[in-house]
Amino acid sequence: MTASIRTLRTGMVGMGMIFDETYRPFFERVHREGLYERSFGDIDVPLTAVATRTGSRAEAYRKSAGSNIGAFQSFAGEDSVAQMLKAGVDIACVATPDDRHFEAAQAILSAGIHVLIEKPSVLDMAQLDELVALAARKGLLAKVVYHKLLDPDHKKLRTFVHDGVLQHVNNGYCSLLEPKSISGGQFAEWIKGRNPGTYVAVHYIKLIDFTFGGRLKTVMATGQRGIVGAASGPTWDSNQLRLVYEYADGREAAFDIHASWVNPDNFPGYVEQEVQFRFDNGVWNGHSRRRGIECTVEGKTPCEVKITINTHYNGTFVEPWGDRTQRGYGIEVLERFAREVARVEWGGPASERAARLSTAQSLAYNDLAADRQVVAAVQSLEAILDHASRGMPDGVVRVNGDAGGLALYLPGQPAPQVLYSPMV
Ligand SMILES: NC(=O)c1ccc[n+]([C@@H]2O[C@H](COP(=O)([O-])OP(=O)(O)OC[C@H]3O[C@@H](n4cnc5c(N)ncnc54)[C@H](O)[C@@H]3O)[C@@H](O)[C@H]2O)c1
C-alpha cells in the first residue's frame, strides 16, 4: 500500500450466496463512489482478484455486473487462493463454506494481508489461536462478519443493556429457521457432515456473547436428522443448543438457540428469526415478522417476493432522489472493515500506525481475538453432534473447568475428553 495511490486492492475467496447478497453491492458501490473519511481521505477499494472452486460463479458475475465493476482476475481450483495473493491484494475476504475458512485465512495472513472472514470465523480454538497469533505477529487486522450486531434492533437491545435500562439477563431463547432450499439446493455441494447450528445459530451466540458479556460455562446440544441426510448419519436438519453463562456477580443465565434449515420455502419471510430475553426488570421480544412490513403481491409472494421483507439487511430501493441503491447493515458491516483498515494504514502519521492498529484490534464486535467464547461454543457444538452421530449422545461441554478449557463429558464415560486444554 503506497500513500500516493491510496488503493485497497481487495481479494475475494468464495463467490456464493453471501457474495451476491452483500459483497457484490459493496464492491459495486465503492467502484462507483470510492470511500472517503477525513482521517484517511478519498481511497479506491477495487475488487482485484477472486478465488473460487470452479471459476464459474466468477465468470457469471463478471458478465452480469458489466460496467458496474472494474476488471478483476479470477483463479479457480486447489491453488486459487495462493494465485489470488500473488496477483497482489491489500485486503481479502473469505466467504467459503464454514469448514474451509481456516486454510484460506491462514494463507492470507501469512502473506501479510488483512483478512475479513464470514461467520463462524473458524470451527475450533486451535485454529483461532493460530490466526490471532499470525495477525499479531504480522501487525494485521483479522476480523469476522457478524452482521446481525449492526441490525438496528440488536443495537437498541445492546444500548438498553449497556445503559442499564435492561438489567441482568436471566435467560432467553432464539430461533433461526432457514428454508429447505438452503440445505437441499444452495448448499447441497458441501452440506455433508454439517449442521445448521454452526451455520446460523452462531449469529445469536455472538449476539448473546457480545451484548451480555459474562463467562461461558456450559454447552449442551441435540438435534434431528433424516431429511437432509440419513437419520443415523452426520448431517443435521435442526439443532437445539443451550449455553450457560456466569456473570461477575456470580449469577447465571441460560440461553436456548434453535436452528433449522429444513423449513418450507413458502415461508412469509426469508429466514424467520425470533428472540426473547428476560431480565430482572424487563422482557425483550424480537421477531422478524413483526418488524413492520406485510406485503402481498398476487403471483409473487411468498416465494419470489417475501411477505415480511427485511428492508434493514440489504434492501433494494429507488431512492427519493431517483438513484437505484442496495443498502443495509449486511453491506455496512463490510464497508466498516475497509474503513478500519484504511484508518490503520492512512488515518494519521506512519509513526502512529501501531496505536491505530491496536485501537482497531480492540473492537470486540469483529476482532478474531474477541471471538473466543463464540468459537468455543461452536467447537463444543460440533464435538457434541459428532459424538451423537457416532452413537454417543447427550454430551455436555464444561468451559474452563478442572479438566481444561473445553472438556466433553459423555454419559457412562468415567473421564472427560479434553477438546482444548488452555483456558478459553
Ligand atoms: N453473514 C451472513 O449472514 C451469512 C449468510 C450466508 C452465508 N454466510 C457465510 O458465508 C460463507 C459462504 O456461504 P455462502 O452462502 O455464500 O455459500 P455458497 O455455497 O453459496 O458459496 C460458497 C463459495 O465458496 C467457494 N469455495 C468453496 N470451497 C472453496 C475453496 N476451497 N477455495 C475457494 N473457494 C471455495 C465456492 O466456489 C462458492 O463460490 C459461509 O461461511 C457462511 O456461513 C454468512
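Diffusion of region 153-231 by Stokes-Einstein, at 37 °C in a medium of 0.692 mPa s and with Rh set to the Kirkwood radius over alpha-carbon pairs, works out to 217 µm²/s.
Just want to confirm a number: the relative contact order over region 202-328, from Cα pairs under 8 angstrom separated by 6+ residues, in percent. Can you show the working numbers first?
Values: 184 pairs, mean separation 18.6, N = 127.
Here the relative contact order equals 15 percent.
In terms of overall dimensions, the C-alpha atoms belonging to region 1-116 reach 39, 33, 22 Å along their principal axes, ordered largest to smallest.
The GluC sites (Glu not before Pro) of region 304-402 that meet both conditions, a loop assignment by DSSP and at most 16 other Cβ atoms within 10 Å of the site Cβ, are E304.
When the chain is described by a simple charge dipole with +1 on each Lys and Arg Cβ and -1 on each Asp and Glu Cβ, the residue from G14, V396, G34 located farthest towards its positive end is G34.
In the elastic network of the chain, a GNM with C-alpha springs shorter than 10 Å, the most mobile of G347, G172, G412 is G412. Here's the picture: charge each Lys and Arg Cβ at +1 and each Asp and Glu Cβ at -1 in the chain, and of A92, L216, V145 the one pushed furthest to the positive end of that dipole is A92. Distance between the pseudo-spin-label points of T54 and M423 (7 Å out from Cα toward the beta carbon): 4.9 nm. Extension gain, I227 to K63: 0.36 nm times the residue separation minus the Cα-Cα distance gives 55.4 nm.
In this Cβ point-charge picture (+1 for Lys and Arg, -1 for Asp and Glu), the chain has a dipole of about 360 debye about its Cα centre. Summed over qualifying helices (DSSP H, 4 residues or more, each -39500 (n - 2.57)) and divided by its residue number, the chain shows a 222 nm mean residue ellipticity of -8500 deg cm²/dmol.
In summary, the convex hull built on the alpha carbon positions of the chain has an orientation-averaged projected area of 22.2 nm². Axis angle, to the nearest 10 degrees, between helix 56-65 and the longest C-alpha principal axis of the chain: 50 degrees. Within a straight-line Cα-Cα reach of under 21 Å, K206 can be paired with the following lysines, leaving aside sequence neighbours fewer than 8 residues apart in one chain: K119, K143, K148, K155, K156, K217.
For K306, the aspartates and glutamates whose Cα falls under 15 Å of its own Cα, not counting residues fewer than eight places away in the same chain, are E178, D265, E272, E294, E298.
Please report the antiparallel percentage of the DSSP beta bridges confined to the chain, to the nearest 5. Working shown, then result.
Details: 50 of 79 bridges.
Bridges in the chain are about 65 percent antiparallel.
For a distance above 22 Å, tell me the whole-number percent of Cα pairs in region 149-318 that qualify. For region 149-318, the share of Cα pairs beyond 22 Å comes to 50 percent. With the cut-off at under 14 Å, measuring from each backbone N in region 109-153 to a point 7 Å along the Cα-to-Cβ line of W321 picks out no residue.
Projecting label points 7 angstrom from Cα along Cα→Cβ for D44 and E332 puts them 2.9 nm apart.
Identify the GluC sites (Glu not before Pro) of region 111-211 meeting these criteria: DSSP loop state and at most 13 other C-beta atoms within 10 Å of the C-beta. Walk me through the numbers before you get to the answer.
Details: sites: E118, E130, E189; in loops: E189.
Filter output for region 111-211: E189.
Using the Cβ-Cβ distance between K155 and A415 with R0 set to 41 Å, the FRET efficiency from 1/(1 + (r/R0)^6) comes to roughly 0.40. Tell me, which longest segment in the chain has none of the trypsin sites (Lys or Arg not before Pro) that fall in DSSP loops with at most 13 further Cβ atoms within 10 Å? That would be 39-191.
No value in this document is a laboratory result; all are computed from the given coordinates. None of the values given here were measured: they were computed from a predicted structure. Every residue, glycine as well, gets a Cβ built from its backbone with ideal geometry; the counts of neighbours run over all protein chains shown.
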